[in-house]
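Novice: What follows is a structure written as structure tokens; I'll ask about it next.
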Amino acid sequence: MVEGVIPEVWTMFYDQIQGFDHEPGYVYKLRVNTTKLPRKDVPADASNLKHELVEVLEKTLAEFSPIEGNWKVVSIRNAESKTVSKASPFMTLSQGRVSGSDGCNTYFSSYKEDGISINFTAFGSTKMACMGEGLQDLSSALFKAFEATTSFKLNGNTLSFLDKNQAEVIRFEKEK
């Protein structure tokens, strides 16, 4: 991510910075010199901007949440266990975003967590007609469980989403 021309507006950066070697697991603050190249010297499908590292201002260890990663749904409150097992729903948590599949449709949202509580924004999903036995009920139960989730508990490779009464609404196992 880079801060754009307008301060505090960040965008994805997909180009190279000459002289900079990114080390995974770190967040950097860089001073970069950007030069506009003449179009005649640039291939048609390339950027006409050249980025060169001036200096590394900061290099800090990135903070990762222990719940980030790929999770297989093991159980959902009010859903048949054989349907959950057969449909193989899953969830991926990464940098404040959640995505996955309910066994038929894909879903996505964003979330905030503080090590104990977790809150999701409104979910979006595809709307395919799911013809398998119990898939519509499974999808409904999954989204109701997400809505009810207020906190989580992580125990080894098992992640549980809990409601306001600390009752488990979804149980996940970490995918390897």
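Novice: For segment 110-137, which positions are surrounded by 12 or more Cβ atoms within 10 Å (Cβ to Cβ) and on the phi > 0 side of the Ramachandran plot?
Specialist: G134, the sole residue that qualifies.
Novice: Can you give me the number of residues within segment 120-143 that are over 20 Å from the mean Cα position of the chain (by Cα) and in contact (Cβ under 8 Å) with a residue 40 or more places away in the chain?
Specialist: Total meeting the criteria: 7.
Novice: Take segment 1-53 and flag every residue that is assigned to a strand (DSSP E or B), of a type in the set (D, E, K, R) and either at pLDDT 85 or above or over 29 Å from the mean Cα position of the chain (by Cα) (or both). Working first, answer last.
Specialist: Going through segment 1-53, the residues assigned to a strand (DSSP E or B) turn out to be 2-3, 10-11, 18, 26-36, 49-53.
Checking the rest, the ones that are also of a type in the set (D, E, K, R) come to 3, 29, 31, 36, 50, 52.
The answer is K29, R31, K36, K50, E52.
Novice: I'd like to check something: does segment 163-176 contain any residue that is at pLDDT below 90 and either among the basic types (K, R) or surrounded by fewer than 13 Cβ atoms within 10 Å (Cβ to Cβ) (or both)? Don't jump to the end; show me each part of the working.
Specialist: Here is the first cut: in segment 163-176, the residues at pLDDT below 90 are 176.
If we keep only those that are either among the basic types (K, R) or surrounded by fewer than 13 Cβ atoms within 10 Å (Cβ to Cβ) (or both) as well, we get 176.
Yes, because at least one residue in segment 163-176 is at pLDDT below 90 and either among the basic types (K, R) or surrounded by fewer than 13 Cβ atoms within 10 Å (Cβ to Cβ) (or both).
Novice: Looking at (1) assigned to a loop (DSSP other than H, G, I, E, B); (2) over 30 Å from L138 (Cβ atoms); (3) within 24 Å of the chain's Cα centre (by Cα), find the lone condition where K59 falls short.
Specialist: (1)
The values are calculated or read from the model by the stated rules, or taken from the named source; none is laboratory data. Bear in mind the structure is a predicted one, so any value in this text is a computation, not a measurement. Heads up, the Cβs are rebuilt from the backbone with ideal geometry, glycines too, and the neighbour counts pull from every protein chain shown.
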